[in-house]
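The values are calculated or read from the model by the stated rules, or taken from the named source; none is laboratory data. It should be emphasised that the depicted structure is a prediction, and the values quoted were computed from it without experimental measurement. Please note: Cβ atoms are built from the backbone with ideal geometry, for glycine as well, and neighbour counts cover all protein chains shown.
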Amino acid sequence: MDRRLTLLVAAAVVLGGCTLTIEGEGNAGPSSPPGERGATADDATIADPGAGPAAEVVRLSDGDSGWFLIDGEEVEIRLLGYNAPERFEGDGGPLSCNGRAAESALAELLADAGQVEAVGDETDRFGRRLVDLAVDGRSAVQQLVADGRGLATGDDRDGRAVMWAAADAGRGLWGDGCGDAAADGLVIDRVEPDPPGRDEEDLNGEVVELVNTGPDAIDLTGWDIRDDSASHRFDLQGVIEPGGRLTVRMGAGRSTADELFLDSSTPVWSNRGDTVLVIDPNGVVAAWYFVGR
């Protein structure tokens, strides 16, 4: 095993204790050529260093949450504006390569830190404290996003720009660290996040169009489509023949060979900006599309 990978895994074990058509940009997936360098982890800053109390990691739950000692109390935190890949693919499924890499990256970042501060005092619906971690004065979230270890979420366009640069460069989950996608040539050709009128009244107006640009048919059994949050994840199905197109609609309907209805009860894609991901059965990010880019 590569020595660096060994150190990452070891660090994780020790510390673990263990969302009008908006223009966007699609990508065929990890095999696409990298773009310009863009922002990297070395460029990460935090708006107000020193604003939060010292935080000492007790154990990590995954790549974006864990328990920290803050002001003498063990507090469960969730990184604000960031979503790491799940440690497991599906409920009780196999360990996720990208999920393990995200947790190891956070563990290594904290292990190498001289000072860690928890910046933020909001809480989520699970009672976890929502913070960014200022690691030696630099934003942990920006560093992890810049390295391609997870997704920028929320309305912070600067944070999303860091993510776009990581994808252009093929870093982390946007690259081939977990291997090649199960099938070549799947592209998210178009996303309609904002149909006319109220989104709640036209769920089928929310559309994602998938195209097979490869030489072989793509069987979507075991594939998922999801947004940048942990709330919207759906099973794909059907077969897309070479040169074929599958229109995926968020609402209810009778699926055909060319049209798939996901039966969501609420709108899925954020009109302000979102990330559409298609993930293959091995957990590889096979295709993506940035709404609002």
Exactly one of L110, L106, L151 is touching a Ser or Thr at 6+ places or on another chain (Cβ under 8 Å), within 18 Å of D62 (Cα to Cα) and not assigned by TED's automatic domain parsing to the domain that holds S231, and that residue is L151
Within region 63-77, the count of residues that are crowded, with 21+ Cβ neighbours inside 10 Å and not small (G, A, S) comes to 3
Output for Cβ contacts, cut-off 7 Å, separation at least six or different chains, first residue part of a loop (DSSP other than H, G, I, E, B) in region 62-78, second of a type in the set (K, R) and at pLDDT below 95, reads D62/R87
Screening T221, T275 for residues that are among the polar types (S, T, N, Q) and within 21 Å of G99 (Cα to Cα) leaves only T275
Note: among R138, R149, R125, just one is of a type in the set (K, R) and at pLDDT 95 or above, namely R149
(Q) Given the condition among the basic types (K, R), within 18 Å of the chain's Cα centre (by Cα) and surrounded by fewer than 18 Cβ atoms within 10 Å (Cβ to Cβ), answer yes or no: does some residue in region 243-252 qualify? (A) no
